1. If we keep just the residues of segment 299-324 that are of a type in the set (D, E, K, R) and within 25 Å of the chain's Cα centre (by Cα), which is surrounded by the most Cβ atoms within 10 Å (Cβ to Cβ)?
2. Across segment 283-298, which residue is nearest to THR309 (Cα to Cα) among those that are at pLDDT 85 or above and either of a type outside the set (Gly, Ala, Ser) or under 23 Å from the mean Cα position of the chain (by Cα) (or both)?
3. Condition test on SER307, is it over 22 Å from ILE208 (Cα atoms), modelled with pLDDT of 85 or more, in contact with a strand residue (DSSP E or B) (Cβ under 8 Å, 6 or more places away or on another chain) and in the same structural domain as TYR218 (by TED's automatic domain parsing)?
4. Output the number of residues of segment 172-204 satisfying the condition of being at pLDDT 75 or above and touching a strand residue (DSSP E or B) at 6+ places or on another chain (Cβ under 9 Å).
5. Search segment 232-251 for residues being in contact with a helix residue (DSSP H, G or I) (Cβ under 9 Å, 6 or more places away or on another chain) and not aliphatic (A, V, I, L, M), and hand back the single one that is farthest from HIS289 (Cα to Cα).
6. Identify all residues within segment 31-52 that are modelled with pLDDT of 80 or more, over 15 Å from LEU172 (Cα atoms) and among the polar types (S, T, N, Q); write none if there are none.
7. Out of everything in segment 76-133 that is outside any helix (DSSP H, G or I) and among the β-branched types (Val, Ile, Thr), what residue ends up being modelled with the highest pLDDT?
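The values are calculated or read from the model by the stated rules, or taken from the named source; none is laboratory data. Note that the structure is a prediction, hence the values are computed from the model and not measured. Don't worry about glycine lacking a Cβ; one is built from the backbone with ideal geometry, like all the others, and counts go over all protein chains shown.
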Amino acid sequence: MTLRLMVRDLGLVGLTLQGLLTFVLLAKKSWRRFPFFSIYLWSSFAFNVAGYTLARSSITYFYTYWANEALGIALGLLIVYEIFRHLFTVHAALLRLATIIFRIAIVVLLIAGFIVYIMQPANEISSFKLAVKAMEQAARVIEVGLLMILFICSAAFGLHWKQAEFGIAVGLGFFATLELLTITLRPMVGHSGAELHGFLNYLVQCAIAGTPYTIYGYKGKQVRDNIHSFDVISAFEAFAKDPRPGEVYNLGGCRGNSCSMLEAMDAAEALTGKKIQRGYVEQNRKGDHICYISDMQKFRSHYPDWSITKPLAQIYKELVGGHE
């Protein structure tokens, strides 16, 4: 079983469990007591079902997914407020404090999302996605912080851990913590292809998933050389075996592994059999060169046994195979 199929099957298992929980809430009429949690669960279930149904319609799927993310952010905060309201009804001062904190949190999230949106290039899709990501990170920090306060205060105020509110709080806290770790650590662990970095991998992701791909400037004719990670590591190994302290080298795919963005898109379409939906923004990325090809003559003269072993065609095939 491929990783892609495993992820799909795990998603279906999660969707089934979500459906069962939805049924339980309806059968026991618990939605009357926890309206925000119920709306969160039902909307998430509906959006996930729609996601599987609309997976082949890239634009519709894109906005369905990110609309679900945005709605989940808002409802996640409301669930925390709902928990506080239930548990601290008899503590009026704490309830008022929680209300004030939530109002401030909503204002902060809206400001963060708006700033990120207006600071991005004139591309509706990128701006919308990045704004939601910024709001999500801020929301998860607030949720985790408030839930920690809840657990700390529970002992002081004699709250019983067997109450349903704590079950919801534990589940939401676990989810919010994992989301926060994912958002925070993603830029620190290398990249597997992102919109503005690692363009070949991201391009293949878009081709397979049917996600729109945006070209920034130069009419898509900007050229980059590409090198396989295997050849990067073998270059490191060659240096480690015969180090030359203080030397500086270029490392890249050189002219033989270079291509324009348009050529890469054509290659991805040919290998996947799918047409990429292309968007275009006239303004190029700040500091972006129209052409960059590495000159490795110095490294090769110092390490003549090293060479590039993975041609561009093989890189394309491995990227497609890794995502299917």
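1. From segment 299-324, those of a type in the set (D, E, K, R) are 300, 305, 310, 317-318, 324; that's our starting set.
Of the ones still in play, those that are also within 25 Å of the chain's Cα centre (by Cα) are 317-318, 324.
Details: LYS317: 13, GLU318: 15, GLU324: 13.
Only one residue fits best here, namely GLU318.
2. Applying the first criterion (at pLDDT 85 or above) to segment 283-298 yields 290-298.
Retained after the next criterion (residues that are either of a type outside the set (Gly, Ala, Ser) or under 23 Å from the mean Cα position of the chain (by Cα) (or both)): 290-293, 295-298.
On the way: ILE290: 26, CYS291: 23, TYR292: 20, ILE293: 17, ASP295: 17, MET296: 14, GLN297: 16, LYS298: 18 Å.
By that ranking, first place goes to MET296.
3. Working: over 22 Å from ILE208 (Cα atoms): yes; modelled with pLDDT of 85 or more: yes; in contact with a strand residue (DSSP E or B) (Cβ under 8 Å, 6 or more places away or on another chain): no; in the same structural domain as TYR218 (by TED's automatic domain parsing): yes.
Taking the combined requirement at face value, the residue does not satisfy it.
4. Going through segment 172-204 one residue at a time, the tally reaches 5.
5. Initial filter on segment 232-251 (in contact with a helix residue (DSSP H, G or I) (Cβ under 9 Å, 6 or more places away or on another chain)): 235, 238-239, 242, 244, 247-251.
Next, from what is left, pick out any that are not aliphatic (A, V, I, L, M): 239, 242, 244, 247, 249-250.
Working: PHE239: 29, ASP242: 33, ARG244: 30, GLU247: 25, TYR249: 20, ASN250: 16 Å.
Ranking the qualifying residues of segment 232-251, first place goes to ASP242.
6. Result: SER43, single match.
7. Initially, segment 76-133 is screened for residues outside any helix (DSSP H, G or I), giving 88-91, 120-123.
Now narrow it down to the ones that are among the β-branched types (Val, Ile, Thr): 89-90.
Numbers: THR89: 72, VAL90: 67.
For segment 76-133, the residue satisfying everything is THR89.
This table checks each residue for (1) within 19 Å of VAL223 (Cβ to Cβ); (2) without any contact (Cβ under 8 Å) to a residue 40 or more places away in the chain; (3) of a type in the set (Phe, Trp, Tyr); (4) not in a helix (DSSP H, G or I).
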{"site": "TYR249", "(1), (2), (3), (4)": "no, no, yes, yes"}
{"site": "GLU263", "(1), (2), (3), (4)": "yes, yes, no, no"}
{"site": "ALA268", "(1), (2), (3), (4)": "yes, no, no, no"}
{"site": "TYR280", "(1), (2), (3), (4)": "yes, no, yes, yes"}
{"site": "ASN284", "(1), (2), (3), (4)": "yes, no, no, yes"}
{"site": "ASP295", "(1), (2), (3), (4)": "yes, no, no, yes"}
{"site": "SER301", "(1), (2), (3), (4)": "no, yes, no, no"}
{"site": "TRP306", "(1), (2), (3), (4)": "no, no, yes, yes"}
{"site": "THR309", "(1), (2), (3), (4)": "no, no, no, yes"}
